[in-house]
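Note sheet for the following structure.
Throughout, read-outs are computed from the coordinates displayed, never taken from laboratory work. It should be emphasised that the depicted structure is a prediction, and the values quoted were computed from it without experimental measurement. Cβ placement follows ideal geometry from the backbone for every residue including glycine, while neighbour counts extend to all protein chains displayed.
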Amino acid sequence: MVLQFEAGSLSEEEVNAILESLPVDATFIDKEDRVKYFSKLGKRIFARAKAVIGRKVQLCHPKKSVHVVNSILEAFKTGNKDVAEFWIQLNNRTIHIRYFAVRNKDGEYLGTMEVSQDITDIKKIEGEKRLLDWEM
């Protein structure tokens, strides 16, 4: 199957490979608050089982943080916010967690994209690196 986009087209295989090659864990929650997709099965920062597909996202978080999840989703659904971000320390690594409202061309809320990334090594970057340093 080929998916047609405004700026080109990709096969299903290409879309999957692109999503799996990004240096982030990605999860999509639909407009009904159900987990619809996640990347990197088995290699995630925060483990996910296929059984979460179709489950309400609130059931995937500890009870003590469900009110935060609900606040984010409500702000996205009402159009008051488009991004929420957090960073935590986990096993001596810095994890950056971002949530993005996903909207269609008309601004209608379609769902939420959660993106988590280990930024420990990124935080160490200084100066510039302009040349490729691979051994040829």
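Is it the case, given these coordinates, that V52 is in contact with a helix residue (DSSP H, G or I) (Cβ under 6 Å, 6 or more places away or on another chain) and more than 18 Å from V115 (Cβ to Cβ)?
It is false that V52 is in contact with a helix residue (DSSP H, G or I) (Cβ under 6 Å, 6 or more places away or on another chain) and more than 18 Å from V115 (Cβ to Cβ).
Please work out which residue is surrounded by the most Cβ atoms within 10 Å (Cβ to Cβ), limiting yourself to the stretch 57-92 and to residues that are free of Cβ contacts under 8 Å to residues at least 40 places away in the same chain and in a strand (DSSP E or B).
Step by step, filter the stretch 57-92, then rank; the result is A84.
Tell me, which residue of the stretch 93-135 that is among the acidic types (D, E) and assigned to a strand (DSSP E or B) is surrounded by the fewest Cβ atoms within 10 Å (Cβ to Cβ)?
Selected residue: D118.
It is to be established whether one or more residues within the stretch 45-55 are under 24 Å from T94 (Cα atoms), exposed (fewer than 14 other Cβ atoms within 10 Å of the Cβ) and without any contact (Cβ under 8 Å) to a residue 12 or more places away in the chain.
yes
Output the residue which, of all residues in the stretch 1-34 that are touching a residue at least 40 places away in the same chain (Cβ under 8 Å) and in a strand (DSSP E or B), is farthest from F100 (Cα to Cα).
Checking each candidate, the answer is D25.
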